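Notes for the one structure printed next.
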Amino acid sequence: MKLSNKIACLLFAATAVVAASCENDNINPYDYNNNGDNNQNQGSTEVLKTAMAEYPVGSLVWTKDTTLTESVEIPVGTSLYIEPGVTVTCKSDVKVPVEIVVLGNLYCMGTAEKPVTITSDTKKPADWGGIICGYNSEEVVLNHVDLSYAGATPTESSVSFQNKLFKTTLDGGVPAFHFCNVNGKFVVADCFFHDVYNDQTYFTGGQGVIYNTIFADSGNAADGGEAINVKAGCKLDIANNIIYNACTNAFKLSNAGNSETVPLTRLTAYNNTIVNCGWRRAKNKKGGSIWLEKAIAPTFVNNLVYDCRFGMKQPKKDGADLANSNVAPNYYFASTETGVKQMSKDADLIIWNDNDIKSSVAGQLDPLFRNFKRTDGMNINCEVDDAAKGAPVAFDRSWNFNLQPTSPALSGGTTGFSRVFPTGLAFFGMKRVMFLDNSNDQNYYFTAPLPTSRFGAAM
C-alpha cells in the first residue's frame with residue numbers, strides 16, 4: 001500500500017482500534033525514527049493529547065523525528081500538525097522523489113528554540129521535491145521551519161503530478177513550497193529556506209504573509225530560480241525578509257494566469273534585504289533583484305538591494321502596471337562599476353524612479369551591515385557557481401544584516417502605505433489546538449510587521 005493510501009486509511013481508524021485491512025501497514029506508516037507508543041500518527045476519532053497540546057478530532061500529529069522514503073499525501077479535510085523540534089528527513093535514493101503533498105491542511109509549529117526541520121539525508125539540492133499544496137488546501141502554516149535541499153524533478157508517478165499540481169510536464173523541478181488555492185491562506189514566518197535547486201516559493205493563488213524569513217542560495221545556473229515567485233490570484237504581505245543569492249531574481253512578480261476565477265494579485269513588499277541576486281543569468285539578460293511583469297501593480301518600498309545584477313526591471317517596456325504601482329523609495333547599493341551601470345537610468349528595461357536612493361559610483365552609500373563580507377573579486381555577471389571566479393559564497397548563519405548606527409540606510413523610507421492585511425490573518429486550525437504550556441510562542445494569528453522608515457530588514 002502506498003504511503004498516501006496508508007494515511008487515507010488511517011483517517012477512519014480510532015486511536016486504539018485499527019481496521020483489519022490496514023493493520024499491517026499501521027505499524028509504522030511514516031517510517032519513524034525512534035518509533036514508540038507516543039507517536040500520534042493515526043488520525044484519531046477522538047481528541048489527541050501530546051505532551052505539548054490537545055488536538056481536534058481527525059488530526060494527524062507528528063511528535064517525533066521521521067524519515068520519509070515515499071511521498072506523503074494529506075487528504076482533503078485532514079490536518080497534519082508537526083510539533084516543535086521534529087526533523088523530517090527525505091531519502092534521496094528513491095525511484096520517485098519524496099514530496100509532501102497537502103490536499104488538506106498543514107501546520108508546522110516550530111519555535112525559535114525548537115524549529116521544525118525538513119531536510120534530506122545527503123544534503124544536496126534536488127534531493128527531494130517540496131511541499132506542494134492542492135487546490136483545496138485551506139490553511140498552511142510554516143512557523144520556525146528550516147527547509148532545505150528541495151527542488152527535485154517529479155516523475156509520472158509523483159503524487160504532485162498525479163494530482164495535476166504545479167507541473168503538467170516533466171521538464172523541471174518543483175519549488176520548495178507551492179500554494180495555489182485562491183481562497184486559501186498560508187504563512188511563512190521566522191523560517192530558513194536554503195540550498196533549493198529551483199524556486200524556493202511559487203504562488204498561483206492564496207492569501208498570505210511572509211515575514212522574518214531567510215531565503216538563501218536558491219536556483220541553478222542552467223534553469224535559474226527565484227526566491228519568491230508570484231503569479232495571479234494572490235493577496236500578500238511580504239516584509240522583513242533576507243534574500244541572499246537567488247540565482248535569477250529575489251522577486252519575480254506577475255499577474256499571469258488571471259481570469260474570471262483567478263483575480264489579479266495585490267501585493268505589498270517592504271523592508272526586505274536583497275543581496276547578491278541574479279548573477280548567474282547574464283547570458284539571457286534575465287534576472288537581478290526584482291522582476292515585474294504582466295500587469296503586476298505592487299507596492300514595493302523600503303527594500304534594500306545590495307550588489308545584485310540589476311535594480312527593479314521589467315521584461316518589456318509595458319510589462320508592469322506602473323501607473324497603479326508604488327515602487328519607491330528603495331535603496332540600491334553597488335560595490336562595482338558594473339553594478340552601477342546595470343542599475344542606472346539608461347540600463348535596459350530598468351524601472352527608474354527619482355525617489356530611489358542609488359549608488360552613482362562604486363561603493364557609494366554602503367548600508368554598513370553589522371557583519372557581512374563581500375566575495376573577493378565579485379563578478380555579478382558570473383555564470384558559474386564558483387566563488388573563486390566571482391560568484392557569491394554560500395550563506396553564513398553568523399552574518400548579521402542589521403545596520404550599523406552610522407548607516408545611511410537607517411532613514412528615508414516611507415510609512416505612508418497600507419498593508420494588504422493590516423490586522424493579520426487568522427488560522428483557525430491552530431486556534432482549535434489547546435496548548436498545554438501557556439509560555440509557548442504558538443499563535444493562530446499572524447501579522448506582517450509595521451513598516452519602518454529604515455531600509456531593509458531588521459532581524
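What follows draws every value from the coordinates through simple rules; no lab data is involved. Worth saying up front: this structure is predicted, and the values here are computed from it rather than measured. Don't worry about glycine lacking a Cβ; one is built from the backbone with ideal geometry, like all the others, and counts go over all protein chains shown.
Observations on the structure shown:
- Whole-number percent relative contact order across the chain, with pairs defined as alpha carbons under 8 Å at least 6 apart: 10
- Cα point-scatterer Debye curve for the stretch 343-407, base-10 log of I(q)/I(0) at q = 0.12, 0.13, 0.19, 0.25 Å⁻¹: -0.45, -0.53, -1.02, -1.12
- Cα-derived Rg over Rh, computed across the stretch 241-342 with Rh taken as Kirkwood radius: 0.98
- With only Cα atoms counted, the stretch 306-358 has Rg and Dmax values of 10.9, 33 Å.
- Derived value for the stretch 195-235: Kirkwood hydrodynamic radius 11.1 Å. Basis is the mean of 1/r over every pair of different alpha-carbon atoms.
- Ranked packing of 235-241, 408-414, most packed first, by mean Cβ within 10 Å: 235-241, 408-414
- Formal net charge of residues neighbouring L436 (Cβ-Cβ distance under 13 Å; K, R +1; D, E -1): -2
- Placed amide H near A126: partners under 5 Å, 5+ positions off or other chain: A150, G151, A152, Y197
- Whole-Hz Karplus values for the stretch 325-331 come out as 9, 10, 10, 7, x, 10, 10 Hz, taken residue by residue from phi with 6.51 cos²θ - 1.76 cosθ + 1.60 and θ = phi - 60°; glycine and proline positions read x.
- Placing dummy labels 7 Å off each Cα toward the beta-carbon, the span from D441 to T415 is 2.4 nm.
- Ignoring aspartates and glutamates fewer than eight residues from K231 along the same chain, the ones with Cα atoms less than 16 angstrom from its Cα are D199, E260, E293, D321.
- Over the stretch 104-212, equivalent-ellipsoid semi-axes from the Cα gyration tensor in Å: 21, 18, 10
- Within the stretch 279-431, the ratio Rg/Rh, alpha carbon atoms throughout and Rh by Kirkwood, equals 1.00.
- For the chain, the spherically averaged projection of the C-alpha convex hull amounts to 21.2 nm².
- Rounded D (µm²/s) - the stretch 398-459, Kirkwood Rh over Cα pairs, Stokes-Einstein at 25 °C, 0.890 mPa s: 165
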